[in-house]
Amino acid sequence: MRLELGIIKIEDVQFGEETTVRDGTLSVNKKELIALVRQDERLSEVDVELARPGEEVRIVPVKDVIEPRVKVSGSGELFPGIIGKMGTVGSGRTNVLRGSGLVTVGRIIGYQEGLIDMSGPGAEYSPFSQTNNVALILHPVDGLAPHAHEEAVRLAGLRAAVHLGKACKDVAPDELEVYELSPVTDTTLPRVAYVQTLLSEGLLHDTYLYGVDAKKILPSLIHPNEVMDGAIVSGNCVSACDKHTTYHHLNNPVIKELYRRHGKDLIFIGVVISNLNVTLADKERSSDYASKLVKFIGAEGAIITEEGFGNPDTDMMMLCKKVEEYGIKTVLITDEYAGRDGGSQSLADAVPQADAVISVGNANEVIALPPMKRIIGDLKPAEVIAGGFVGCLTTDGGLSIEIQAIMGSTCQLGFGKLAARGY
Amino acid sequence: MAKKKYRVVHYLNQFYAGIGGEEKANIPPMIKEGAVGPGRPLQQALGEEVEIVATVVCGDSYFAENIEAAAESVVEPVSPYKPDVFVAGPAFNAGRYGIACGAACSAISKKLGIPVVTAMYKENPALELYRKEVYIIPTAGSVRGMAETIPKMATFVRKLGLRQKIGLPEEEGYFPRGIRVNQFVGRTGAERAVDMLLSKLRGEPFQTEYPMPTFERIPPSPVVKELHSATIALVTTGGIVPLGNPDRIEAASASKFAEYNIAGVYDLTPDAYQTCHGGYDPVYANNDPDRILPLDAMRALEKDGTIGKLYDRYYVTVGNATSVDNAQRFGKVIAEKLKAADVEGVILTST
């Protein structure tokens, strides 16, 4: 399976007569985009705003971010089983508007959407301060249930991202990234698998694999290229800091890093997708099954990533224990909830086998964010967003908030450079 | 212009201050000008920029018999010296002295807002009590370690005096305080993970970024034998509160719990109750709050005599990203209240 990503660098975004990509600028026909999204009758009002890196703009409340792309050749369509026809993705050519993001904005339940600051101290914590963002502000019709609202927003985001991506179908890429698990001649290198767990607790904590609700899957083997070509879609509203947006799935940093070192330091043998469930039986079944697959494909080492926190800590620890019990070495990536003073125990569960852990930061740490000139969306929900608290909004329009509320600040795929250290 | 001198006050017990042994262990805090006992070599190691302006001395027994009051009584005589740094010990493996050093440092740091440091042996019981709030430098188990400890303390005191940034415990040589601090590092989490895995696979040394905590295991209470006459209470981390969330419990990272009266309430209805929990889709909980806080079921058990009585109050917080420290604190207070009200059993519901 060979996937070519045709990278088209986007350095600016503007409204224009047509939706095109020219000389690094993404032009967006606003009317056309709104009309496309309004096809879903569950959405009553739709608006589009733009935000560029460095601008004094705060986007809140954000649900998902999607990287605009288009499939140029190869089987399958983007986001198969959701908005694309079924078909295996991960081969052929996909063009990518790198440096842009489609951001879905609007209050669903208020608690678990996040914020993006395009400049100031908050910007450093979110990768989406570095993308030229097309923000879709979406309002539901009256009385729409939250799960239907979530679905409408999810589909709107995916459709809009694909719509923007189509503008670059015939554009010559600035560079080509090629992903192929070529045979490795040095068979003494260690065989490494990646176990990616997807949040699947239900009640708006869902993720989709080829359109299948991840809580209904048994752990599966998947080629890394499929993950990078739209097989996984985020549908969840868990805390902003450590939910994996669809953008994160498309750009999974563990997969990229294992590819980079494939054939040099290790042999990347595949990805096992598992889920994160709410009942003990489900946790046992999934960790049994996933660890068995890791053993079955002959791994000597495995990287395990978590999504969310608390309850999923248990799934991750079970997985770690069972994989280690097969004699396979593990490294976990997690964030921490050590309290605002950093003095509390950070995880809800622990096993002695978890002796190699990457910490991507304490989500409870509080940050002061200055007021911004422009708000895309609505600042009011900040007090009830996970990470916010009563009085977190200052009178000048700034806020003091846990980094938990910032999109992607403690991404447990290891996307960022934040770490928590013991002092 | 003369260079600014940084001012230090040093804490010693009666023994190291040369006042006497056990027979003098009851003396209350007293001040001596300048450096005394181990303070003299410490002053030498500190150099000219930093001066030990006074030494506060207190008897070990005096301190141990009323730790909090003794710690307070150390603050007052120290304050007029306007120190930049407060240093205590080293206490080595002396338990009472270690606690005095820790408690004095803690009180000074809180009241005077200046940096503090002490030194002791890893098995000194004071280490676990004070390591979170006080920098503690490791020493040998006995006074034989004095010569190697003094320069380490001096280096640390100088850093604190000059208000230099204190780095990681392994770089600076203090016992980790268990405080997690965020910082941006040079490499992404994914890059660090692959590096760590390769080291682990090759059998090379590596350092985990989060050592696993040891969990406090709570043994279950014995069963309630006479259920039919027992008072049973409801406690939830599922966020069920009166409509409008009057105490404004946070949707995540709760900083408080609340107590509500349910005497005469037989059913939790959407017009009077809701959830304020931010970790799940609230629709089903808001439609029928009994789904999280099973008041209706408890009333039925009360009516048919399965339980004696449902306690008139319930306790609620939000268990969503709430730190274990906060949860332990809430649990302790709630348990005390329930015990005082002769509640014999609790149904704890989570989400």
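Got a sec? Which of B:A35, B:A100, B:A17, B:A69 is surrounded by fewer than 16 Cβ atoms within 10 Å (Cβ to Cβ) and hydrophobic (A, V, I, L, M, F, W, C)? Break it down into steps so the answer makes sense when it comes.
Values: B:A35 fails: surrounded by fewer than 16 Cβ atoms within 10 Å (Cβ to Cβ); B:A100 fails: surrounded by fewer than 16 Cβ atoms within 10 Å (Cβ to Cβ); B:A17 fails: surrounded by fewer than 16 Cβ atoms within 10 Å (Cβ to Cβ).
It is B:A69.
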**OP:** Please work out which residue is nearest to the chain's Cα centre (by Cα), limiting yourself to the range B:317-351 and to residues that are free of Cβ contacts under 8 Å to residues at least 12 places away in the same chain and under 15 Å from B:T231 (Cβ atoms).
**Re:** B:A335
**OP:** Scan the range A:201-212 and report the pairs whose first residue is within 14 Å of chain B (Cβ to nearest Cβ) and whose second residue is surrounded by 19 or more Cβ atoms within 10 Å (Cβ to Cβ) and part of a strand (DSSP E or B), with Cβ atoms within less than 7 Å and a gap of 6+ or a chain change.
**Re:** A:E201/A:L276; A:L204/A:N236; A:H205/A:L199; A:H205/A:N236; A:D206/A:G235; A:D206/A:N236
Original post:
Do we have any residue at all in the range B:61-76 that's under 21 Å from the mean Cα position of the chain (by Cα) and either in a loop (DSSP other than H, G, I, E, B) or not assigned by TED's automatic domain parsing to the domain that holds B:V143 (or both)?
Top reply: yes
Original post:
Given the conditions (1) away from chain A (no Cβ under 14 Å); (2) at pLDDT 90 or above; (3) under 25 Å from the mean Cα position of the chain (by Cα); (4) farther than 19 Å from B:R299 by Cα, and given that B:E209 satisfies all but one, which numbered condition is not satisfied?
Top reply: (1)
Original post:
Can you name every residue in the range A:243-268 that is within 13 Å of chain B (Cβ to nearest Cβ), over 10 Å from the mean Cα position of the chain (by Cα) and not in a helix (DSSP H, G or I)?
Top reply: A:H262, A:K264, A:D265, A:L266, A:I267, A:F268
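Looking only at the range B:34-60, which residues are in a strand (DSSP E or B) and touching a His at 6+ places or on another chain (Cβ under 7 Å)? Reasoning before the result, please.
Within the range B:34-60, the subset in a strand (DSSP E or B) is B:50-58.
Result: B:I52, B:T55.
Is there a residue in the range B:229-250 that is basic (K, R) and either outside the structural domain of B:D342 (by TED's automatic domain parsing) or over 22 Å from B:N326 (Cβ atoms) (or both)? Write out each step before concluding.
Quick first cut of the range B:229-250, residues basic (K, R) only: B:248.
Checking which are either outside the structural domain of B:D342 (by TED's automatic domain parsing) or over 22 Å from B:N326 (Cβ atoms) (or both) leaves us with none.
Within the range B:229-250, none of the residues are basic (K, R) and either outside the structural domain of B:D342 (by TED's automatic domain parsing) or over 22 Å from B:N326 (Cβ atoms) (or both).
Condition check ((1) at the interface with another protein chain (Cβ under 8 Å from one of its Cβ atoms); (2) more than 14 Å from A:V331 (Cβ to Cβ); (3) acidic (D, E); (4) out of contact with any strand residue (DSSP E or B) (no Cβ under 7 Å at 6 or more places or on another chain)) across all residues:
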| site | (1), (2), (3), (4) |
| --- | --- |
| B:L168 | yes, yes, no, no |
| B:Y174 | no, yes, no, no |
| B:V181 | yes, yes, no, no |
| B:V185 | yes, yes, no, no |
| B:A190 | yes, no, no, yes |
| B:M196 | yes, no, no, no |
| B:K200 | yes, no, no, no |
| B:E204 | no, no, yes, yes |
**OP:** For A:V390, indicate whether it is closer than 22 Å to B:A254 by Cβ and either facing chain B (nearest Cβ under 9 Å) or touching a strand residue (DSSP E or B) at 6+ places or on another chain (Cβ under 7 Å) (or both).
**Re:** yes
Subject >> Extreme residue, surrounded by the most Cβ atoms within 10 Å (Cβ to Cβ), among residues of the range B:103-125 that are polar (S, T, N, Q) and in a helix (DSSP H, G or I) >> reply: B:S106
Original post:
Looking at the range A:88-109, which of the residues that are within 14 Å of another protein chain (Cβ to nearest Cβ) and buried (at least 21 other Cβ atoms within 10 Å of the Cβ) is nearest to A:G54 (Cα to Cα)?
Top reply: A:I108
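Conditions tested, residue by residue: (1) within 14 Å of another protein chain (Cβ to nearest Cβ); (2) in contact (Cβ under 8 Å) with a residue 60 or more places away in the chain; (3) buried (at least 24 other Cβ atoms within 10 Å of the Cβ).
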position: A:D174; (1), (2), (3): no, yes, no
position: A:G230; (1), (2), (3): no, yes, yes
position: A:V238; (1), (2), (3): yes, yes, yes
position: A:C241; (1), (2), (3): yes, yes, yes
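Residues checked against (1) touching a residue at least 40 places away in the same chain (Cβ under 8 Å); (2) in a loop (DSSP other than H, G, I, E, B); (3) more than 23 Å from A:H149 (Cα to Cα); (4) within 11 Å of another protein chain (Cβ to nearest Cβ):
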| residue | (1), (2), (3), (4) |
| --- | --- |
| B:E250 | yes, yes, yes, yes |
| B:S255 | yes, yes, yes, yes |
| B:V265 | no, yes, yes, no |
| B:T269 | no, yes, yes, no |
| B:Q274 | no, no, no, no |
| B:G279 | yes, yes, no, yes |
| B:N286 | no, no, no, yes |
| B:D290 | no, no, yes, no |
| B:L293 | yes, yes, yes, no |
Original post:
Any idea how many residues of the range B:310-336 are surrounded by 14 or more Cβ atoms within 10 Å (Cβ to Cβ) and basic (K, R)?
Top reply: 2
**OP:** Find all pairs meeting these conditions: Cβ atoms under 7 angstrom apart; at least six residues apart or on different chains; first residue within the range B:219-237 and modelled with pLDDT under 95; second residue surrounded by 18 or more Cβ atoms within 10 Å (Cβ to Cβ) and among the acidic types (D, E).
**Re:** B:V224/B:E344
Subject >> Residue ID - nearest to A:Y125 (Cα to Cα), chosen from residues in the range B:185-205 that are in contact with an Asp or Glu (Cβ under 8 Å, 6 or more places away or on another chain) and assigned to a loop (DSSP other than H, G, I, E, B) >> reply: B:T188
Original post:
Identify, please: which residue in the range A:350-370 is in a loop (DSSP other than H, G, I, E, B) and touching a Pro at 6+ places or on another chain (Cβ under 9 Å) and is, among those, farthest from the other protein chains (Cβ to nearest Cβ)?
Top reply: A:P370
Subject >> Pair list, Cβ < 6 Å and 6+ apart or interchain, from the range A:293-309 residues that are on the phi > 0 side of the Ramachandran plot to residues that are assigned to a strand (DSSP E or B) and surrounded by fewer than 24 Cβ atoms within 10 Å (Cβ to Cβ) >> reply: A:G298/A:R191
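Among the strands (runs of 3 or more DSSP E) contained in the range A:1-79, which hold 1 or more residues that are within 20 Å of the chain's Cα centre (by Cα) and touching a residue at least 40 places away in the same chain (Cβ under 8 Å)?
Working: elements: A:2-9, A:12-15, A:20-22, A:25-28, A:43-51, A:57-66, A:69-73.
Because the criterion is at least 1 residues that are within 20 Å of the chain's Cα centre (by Cα) and touching a residue at least 40 places away in the same chain (Cβ under 8 Å), the strands (runs of 3 or more DSSP E) in the range A:1-79 that meet it are A:2-9, A:43-51, A:57-66, A:69-73.
The values are calculated or read from the model by the stated rules, or taken from the named source; none is laboratory data. Being a predicted model, the structure only gives us computed values, none of them experimental. Heads up, the Cβs are rebuilt from the backbone with ideal geometry, glycines too, and the neighbour counts pull from every protein chain shown.
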